Amino acid sequence: MKKIEITTPITLYDSVEELPLDVQDLMMEAVKIRDTAYAPYSKFHVGTAFLLENGEIITGNNQENAAYPSGMCAERVAVWQAGSQFPGVKIKTIVITASSKNKPVKEPIAPCGGCRQALSEYEIKQKENIAIYFMGETGNVIKTESLHDLLPLAFDKSFL
Ligand code: THU
């Protein structure tokens with residue numbers, strides 16, 4: 001028996017202003033699309049923006065449904081759009097922001113487990129890390145260098 005520790009390196013930024021300028025611009029795109037999320041049930045609005053290697057920016061927000069499980073998270077809305085419209089084009093950077101109609105969202109909001117799995121597929125497929133930045137409404141931003149850092153021990157095609 002042996003114990004192994006898995007660690008997750010993160011970078012913590014005090015505010016959006018500390019981010020590289022291109023990432024600040026990307027975050028502004030995510031904020032814009034966050035505000036048009038369709039979230040009448042949770043009142044929790046998530047916006048995301050993806051920068052592709054060809055310079056295209058894909059944005060997405062969460063889309064809810066009266067039949068709750070039929071709704072979808074912002075990140076998967078965006079990653080499937082990227083995968084369908086730009087097949088084979090690598091994703092370089094993902095930014096995510098969330099706000100709520102019920103309370104201030106002051107802490108960085110990490111992508112849910114289902115989205116980590118969905119995004120991880122594309123990082124593995126493109127054989128290149130995707131940088132991920134996430135925040136609440138404003139305030140602190142967390143960056144991880146890859147999906148792998150957010151989802152160690154992921155299920156992947158090698159198991160099939
Ligand atoms: N949500 C996202 O869009 N992304 C996540 O990573 C976590 C949760 C959405 C789904 C639902 O519409 C709302 O936030 C509350 O869970």
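Within region 57-72, how many residues are under 16 Å from the mean Cα position of the chain (by Cα) and away from the ligand (no atom under 12 Å from the Cβ)? Lay out the reasoning, then the answer.
The first filter runs over region 57-72 and keeps only residues under 16 Å from the mean Cα position of the chain (by Cα), leaving 57-63, 72.
So of that shortlist, the ones also away from the ligand (no atom under 12 Å from the Cβ) come out as 57-59.
Residues flagged as under 16 Å from the mean Cα position of the chain (by Cα) and away from the ligand (no atom under 12 Å from the Cβ) within region 57-72 amount to 3.
Enumerate the pairs (first residue in region 121-149 and at pLDDT below 95; second residue anywhere and hydroxyl-bearing (Ser, Thr, Tyr)) with beta-carbon separation below 6 Å, excluding pairs fewer than 6 apart on the same chain, so at least 6 apart or on different chains.
From residues that are at pLDDT below 95, there are no pairs.
Among the residues of region 42-56, write down those that are assigned to a strand (DSSP E or B) and within 10 Å of the ligand (Cβ to nearest atom).
Within region 42-56, the subset assigned to a strand (DSSP E or B) is 44-52.
44, 45, 46, 47, 48 - these are the residues of region 42-56 that are assigned to a strand (DSSP E or B) and within 10 Å of the ligand (Cβ to nearest atom).
Does region 33-41 contain at least one residue that is open to solvent by 80 Å² or more (accessible area, probe 1.4 Å), under 23 Å from residue 106 (Cα atoms) and within 11 Å of the ligand (Cβ to nearest atom)? Full working, then the answer.
Residues of region 33-41 that are open to solvent by 80 Å² or more (accessible area, probe 1.4 Å), as a first pass: 35-36, 38, 41.
Remaining after also requiring under 23 Å from residue 106 (Cα atoms): 35-36, 38, 41.
Still in the running and within 11 Å of the ligand (Cβ to nearest atom): 38, 41.
Checking region 33-41: at least one residue is open to solvent by 80 Å² or more (accessible area, probe 1.4 Å), under 23 Å from residue 106 (Cα atoms) and within 11 Å of the ligand (Cβ to nearest atom).
If I ask for residues that are open to solvent by 20 Å² or more (accessible area, probe 1.4 Å) and touching a Gly at 6+ places or on another chain (Cβ under 7 Å), which ones from region 1-31 would you list? Spell out how you get there, then give the answer.
First, the residues of region 1-31 that are open to solvent by 20 Å² or more (accessible area, probe 1.4 Å): 1-15, 17-18, 20-22, 24-25, 28-29, 31.
Listed by number, the residues that qualify are 15, 31.
The values are calculated or read from the model by the stated rules, or taken from the named source; none is laboratory data. Keep in mind that what you see is a predicted model, and the values were worked out from it rather than measured. A quick note on method: Cβ atoms are made from the backbone with ideal geometry, for glycine too, and the neighbour counts reach across all protein chains shown. With ligands, DNA and RNA removed, areas are computed over all heavy atoms of the protein, side chains included. Shrake-Rupley method; radii C 1.70, N 1.55, O 1.52, S 1.80 Å.
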